[in-house]
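The values are calculated or read from the model by the stated rules, or taken from the named source; none is laboratory data. Note that the coordinates shown come from a computational prediction; the quantities given were computed from them, not determined experimentally. The accessibility values were calculated without ligands, DNA or RNA, using every heavy atom of the protein model including side chains. Shrake-Rupley method; radii C 1.70, N 1.55, O 1.52, S 1.80 Å.
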Amino acid sequence: MTAKKVTIGAKPTAKPQPTSQDAWVDAKEAVATPTKRLTIDVPATLHANIKAACAMRGTKMVDEIRAILEEKFSQANTII
């Protein structure tokens, strides 16, 4: 019976640090507001249309959908 040799890689390093002060501040602001995950089902054709439109604009689907939700449900527009 032959022993199997396993190579162990290098120890992982800490997360890369932002290169500028602005990047550091932006990273901290992104964490400042807690988030919740929202999962929805949409028809495949709607998903494809959203994905294609975002690709043509060079934007992320999540950013576009988040902007639509914020516009529709912002505090100023919400009726209690």
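Among the listed pairs Lys15/Lys60; Lys15/Lys72; Lys36/Lys60; Lys15/Lys51, which are separated by more than 26 Å between their Cα atoms? Checking Cα-Cα distances, Lys15/Lys72; Lys15/Lys51 exceed 26 Å. Of Glu64, Glu71, the order by accessible heavy-atom surface (1.4 Å probe, DNA, RNA and ligands excluded), from most exposed downward, is Glu71, Glu64.
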